[in-house]
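What follows is calculated from the coordinates using simple rules that are stated; it is not laboratory data. Here the structure is a predicted model, which is why all the values come from computation and not from measurement. FYI the Cβ positions are ideal-geometry reconstructions off the backbone, even for glycines, and counts take in every protein chain you see.
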Amino acid sequence: MTESEYQEFLITIGYRYNKKSKSAFNSYEGFHTIIEFNEGESRYGLTLSAYPDNIENLKNKLNSFASENKDHITKAQYISKNKLIRINIKMTIDSEIDREHLKNTAKFIMDLCKSDTLIPLCRVCQRNRKTGLYVIGSVLTPVCENCIVRKRRQYEHRRDMFEKKKQNMAAGIFGAVFGAALGSSIYILLYQLNPFYGIWGGIIAPLSFGGFVLTGKRATRLSAVFCELISIFAFIAAQYVALIAANSIMIENDGGGIAVREAVSLTNMTLTEHSYLNSIILELIVGISIMIITGIAYFLKRSLTRPLKISKNVL
C-alpha cells in the first residue's frame, strides 16, 4: 500500500490523516488512537495512551490478539513505564491484505476503548485529563491543556535563547582548529598503541565541532562544512605525524636513539612502496568516513537541541 492509498483508506475506517506528522488519528470519548505509516521500516504502528484497571488482563488480551494474528502482528504490548499500548503491523506487498490487517487492529483497539477497562491519559503527565492532539516537532501527541501551556512556555523560552545566540564565525573557526589539533594529538598517541585502521580519527571531528560551538556560540550547516574540512585536513596531518612517531620509536628501540630526521626520511621512503601506501590510504579512507559520520551525528544532535515547534490542536 502506497502512502496515498493509505491516506484514502484511512477515511473508510474513520481515521483522519495529519500531513505534518505523517500519521493518522481517531478519537473516541477522550481516547486518541494514532496510526503511523513507516515505509522505511515496512510497518504500521498503532498507539494509545491509556491506563488499564487490570494490567495483567490487558497484557493477556494483547498476547492473545498477537497470537491469533501472528502472521502480521510483529509486536503487541503494554509499556507500563509510558502507560502506552503499542501494536506494530508488518507491511505486505498486497494493499488489500494491509487494509484488512489495519481494519482488524483498529477494531481491536476500539473494542478495548469501549470495554470500560481503560482510562485515557495525557502522554506527557500521564494523568486522566481532557486532551487535545498536537504535533510536537513531527510527532502527533495527545496532551492535556496544562502540559501544552507549559510546553509552549518552554518552547518560547528556548526559541528566545536560541535566537539571542549570534554566531561568531571567526572565533568558531579558531575553536574548531584548536579542537581538531587536540583531537589530532590524542589520535597520534592512540595510534602508537594500536593503529586499528584509522578509526581513532572519529575523535577529531566531535572535538572540532565542540570547539566551534564553544567559541562560535551557534552551529549552522556552513559551520558543519568548515568543521568537517578542518577535521579532514587535521586527520591527514595527524596520520603523517603518527607514522613518523611510530618509525621514530622503532629506530629508538633498535638502538638508534632519538632520530626524528631519520624517521621522516624512513616514512617518506616507505610511503613510496605500493603495498604500504595502499594500507595507509585504507586507514585514511576509514578514518575520514568515521569522521564524517561522527561529525554529522554531532551536528544533528546539536540541531535537536533547537526548540520543537508545537502545532495548534488538530482535533
(message) Placing unit charges on C-beta atoms (Lys and Arg positive, Asp and Glu negative, everything else neutral), compute the dipole magnitude of region 1-125 about its Cα centre in debye, rounded to 20.
(response) 520
(request) Return a whole-number percent for the relative contact order of region 1-110, with Cα pairs under 8 Å and 6 or more residues apart as the contact set. (result) 22
(request) Work from the charge dipole of the chain (Cβ charges, +1 for Lys and Arg, -1 for Asp and Glu, about the Cα centre) and give the residue of A246, N82, F174 farthest towards its positive end. (result) N82
(message) At R0 = 45 Å, how high is the FRET efficiency between R16 and N168 if r is their beta carbon distance? Nearest 0.05 is fine.
(response) 0.45
(request) List the relative contact order of the chain as a percent without decimals, with contacts defined as Cα pairs under 8 Å and 6+ residues apart. (result) 15
(message) Tell me the mean residue ellipticity at 222 nm calculated for the chain from its helices only (DSSP H runs of n ≥ 4, each -39500 (n - 2.57), averaged over every residue, nearest 500).
(response) -19000 deg cm²/dmol
(message) Just to be sure I understand: of the beta bridges DSSP finds with both ends in the chain, what percent are antiparallel, rounded to 5?
(response) 100
(message) Using the Karplus curve 6.51 cos²θ - 1.76 cosθ + 1.60 with θ = phi - 60°, what ³J(HN,Hα) values do you get for each residue of region 60-66, in whole Hz, with x for Gly and Pro?
(response) 5, 5, 5, 5, 5, 5, 5
(request) Once you've got the Cα coordinates, tell me which of K20/K81; K130/K217; K130/K166; K61/K312; K107/K130; K19/K217 are over 32 Å apart. (result) K130/K217; K130/K166; K61/K312; K19/K217
(request) Report the dimensions of the chain along its three principal axes from the alpha-carbon atoms, largest first, rounded to Å. (result) 85, 48, 37
(request) Show the residues, 5+ positions off or on another chain, whose built amide H is closer than 5 Å to the amide H of G30. (result) none
(message) List the residues, sorted by chain then number, that are 5 or more residues from V124 or on another chain and whose placed amide H is less than 5 Å from its amide H.
(response) C144
(request) Quick one: compute the contact order of region 1-50, relative version, from alpha carbon pairs under 8 angstrom and 6+ residues apart, as a percent. (result) 22
(request) About the Cα centre of the chain, how large is the charge dipole given +1 on each Lys and Arg Cβ and -1 on each Asp and Glu Cβ? Please answer in debye to the nearest 20. (result) 2060
(request) Show me 108-119, 60-71, 131-142, 224-235 ranked by packing, highest mean number of other Cβ atoms within 10 Å first. (result) 224-235, 131-142, 108-119, 60-71
(message) I need the calculated FRET efficiency for the pair F233 and D160, taking r as the beta carbon distance and R₀ as 41 Å, to the nearest 0.05.
(response) 0.65
(request) Return the long-range amide H neighbours of S23 (sequence gap of 5 or more, or a different chain), with a cut-off of under 5 Å between placed amide H atoms. (result) N18
